[in-house]
Structures are given as structure tokens and as C-alpha cells.
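The values are calculated or read from the model by the stated rules, or taken from the named source; none is laboratory data. Please read these numbers as outputs of a predicted model, since none were measured by experiment. Glycine gets a Cβ as well: all are built from the backbone with ideal geometry, and neighbour counts include every protein chain shown.
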Amino acid sequence: MKQYVLKRFFLLLPTFLGITGLTFFMLQLAPGDPAALKAQSFTELLADPQQTEAVVTETQKLYGLEKPLSLQYLLWLKRIVLFDFGESYRDHRPVMAKIAEALPITLLLNALTLLVIFVIAFPLGAYNALKPNSFHDRVSALFLFLLYSLPSFWFALLLIVLFAGGDYLNLFPLIGIFSDGAERLPWYGRIGNLLWHLILPVIVLSVANIAFLSRFVRASLVEVMKKEYIRTAYAKGLSPFQVMVKHAFKNALLPLVTLFGSLLPALLSGSVIVEQIFSIPGMGRLSFESVLARDYPVIMGITVMTATLMLISYFVTDIVYGFLDPRLRLHERRGL
């Protein structure tokens, strides 16, 4: 097991370098120069094209943009090792300060979404697996496929129109994570106000994943329930619930563990649209605004944080997978 864990751990570094290197060079290939964009704010004052060109040149020297791309990337890696993410091109604030403000909000939003997904998807999938191909299973499958096919931006706008002061009900706030004057509320009131603002975003992020995960749980359990040892358990007089909990879930868990590892990265990427629509000041909205402004230090800082979370998620998944399936440890020991 130790060899298996170490092998998975040392694979993290080349993966991290691949993600950050690819992002870095793709940013440089994208149209638009951050120095030229920054100089555009002075064009009304600097009518002389030569002075504008001088501003662009000075800005490129200030941020090191005139150096070769490979050298820029190596210098960036050197700063990352020292936990120096640089300053934003837009407002000159430290990148770490901007990420520190946005990251907790995104993590809270995704943690609540994962909780909702697990609480609903597991029981729903297990219930459908008890009676496969029944009327309830078919109706449930149709409804879940319908939810899965909904585009998240369209579903978010639909909820806003229906429940956030659009043409119908006004039950939930439209934007932000706190109401005006929320700072005067007691701590439990602030928590309640925060959760009230996150209800619609969590629903938007959860719906498609609930549909997908519940069908995956159902398929895994249906396959396991056909095994001989499940029939033996029924022959012992156990109820369907006892058979499901004591015998089926453990063996159906293995393919689900792999799926859980990809849920967090999927939620992080999906929160970009949701945070922008609901004006939530999280990592998704920060990355969207940074891309529009060609704010390279912030984009790379977000890439580092996102890649780190993804790699930790996959690493934990590999470890859990190794514990659940002893065949992997045996293959590693034999060098297969």
C-alpha cells in the first residue's frame, strides 16, 4: 500500500506542471496584450501614438512581458515555489489577497452542493435499484434525464424569473451573498442570510449532478444485486433494505468512488457560470473577470488553486480506491 500511495503522490508534480504550463502558454497565445489594454486607459490623455507606444513598452518591461515565454514561465514557477503569486494587473492588489477573498465562498458553495447531491442522489438511486424497470423507475428515469439535459445558465435564468422577483414570486434574493444591512444581524442571522442567498445557486449546480449520480448509483446497484451472494442473503431471510445496506452497497461503491473524484472539478468549472449569473464574488466570477481583463497573474493564481484542489481530490480518490480494492495493491506489488 505504501508503494501504491508514493507512486500516486509523485505523479502529482508532472500533472501540476502540465496543467500550469499548458494554461500559461495558451494565455500568451490568446489575442490581446495586457500592456496594450492597460495603455488604452491613457489614450484619451496621450493623443500622441509615440507616447502611447512608450507606455506599452514601459508596461511590458514592468511585468516582464518582453521576455521569452519559456523564461517567463520559469520565473513564474520560481515565484510560485516561494508562494509569491504577484500583483493583479488591474488594481495592483496581491493575487493571494483576491483569491483569499473568493476561495472560501466558492468552497462553501460547492460543499453545500455536494451535500445536497449525496443526500438526494444516493437514496433515490438505491430506491430505483430495488425495483428496476418498474413504473416508478421509468418515470424517475424520464424526469432525471430531463433535468440532466437542462443547460445550467437557462435553468438559472428560469429560477430567477420564477422565484427571485421576476414575473412571478419574490422568494429569494437575486444577487450577492448578503442582504443590505446584514452586518447588523447576529451571527446566526448572518448564516441564515447567507444560506438564503445560496439556495438558488446550489439548486442550479445540483440538479444535473443529482440526475447523473442517482442513475449511476442505480446502475451499479442493479448489477451487484444480480450476484449469487445477494440471492444467498435473500435466502437467509434478510429484508431488501438489509441486503442493500449490508451486502450490495460495499461492492457497488467501487465504481462510485471514481466518479466522486471528478465531481469537485466539475462543480468548480460549473460555478463560473452560476457565480456570474448570481453575482457571487467567488473564484468563478473572479476568473471570468480576469480573463476579460487579461489579468495573467490572477488567472495563473486561480489555475494553481484549482489544479491543487483537483489533484488533491484525485489523490484522495486513488487512496480510497486502493483501500477498497486489494487487487490494485497486489498489481502494484507485482509491478503490473
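Could you name every one of the helices (runs of 4 or more DSSP H) located completely within segment 78-190 that has at least 2 residues being exposed (fewer than 13 other Cβ atoms within 10 Å of the Cβ) and of a type in the set (Gly, Ala, Ser)? Correct list: 95-130. Before we move on, is Ser179 within 22 Å of Val274 (Cβ to Cβ) and over 25 Å from the mean Cα position of the chain (by Cα)? Spelling it out, Ser179 is indeed within 22 Å of Val274 (Cβ to Cβ) and over 25 Å from the mean Cα position of the chain (by Cα).
The combined condition, being in contact (Cβ under 8 Å) with a residue 60 or more places away in the chain and closer than 30 Å to Arg231 by Cβ, is not fulfilled by Gly86. Residues in segment 82-134 that are acidic (Asp, Glu) and out of contact with any strand residue (DSSP E or B) (no Cβ under 7 Å at 6 or more places or on another chain): Asp84, Asp91, Glu101. If the condition is being among the charged types (D, E, K, R) and assigned to a helix (DSSP H, G or I), then segment 191-240 contributes Arg215, Arg218, Glu223, Glu228, Arg231.
Among the residues of segment 19-29, is there at least one that is in a loop (DSSP other than H, G, I, E, B) and at pLDDT 65 or above?
no
The set of residues in segment 145-170 being free of Cβ contacts under 8 Å to residues at least 24 places away in the same chain and either touching a strand residue (DSSP E or B) at 6+ places or on another chain (Cβ under 6 Å) or farther than 30 Å from Gly125 by Cα (or both) consists of Val161, Gly165, Gly166, Asp167, Tyr168, Leu169, Asn170.
Please work out which residue is surrounded by the fewest Cβ atoms within 10 Å (Cβ to Cβ), limiting yourself to segment 278-315 and to residues that are over 16 Å from the mean Cα position of the chain (by Cα) and under 20 Å from Thr113 (Cα atoms). For segment 278-315, the residue satisfying everything is Ser279.
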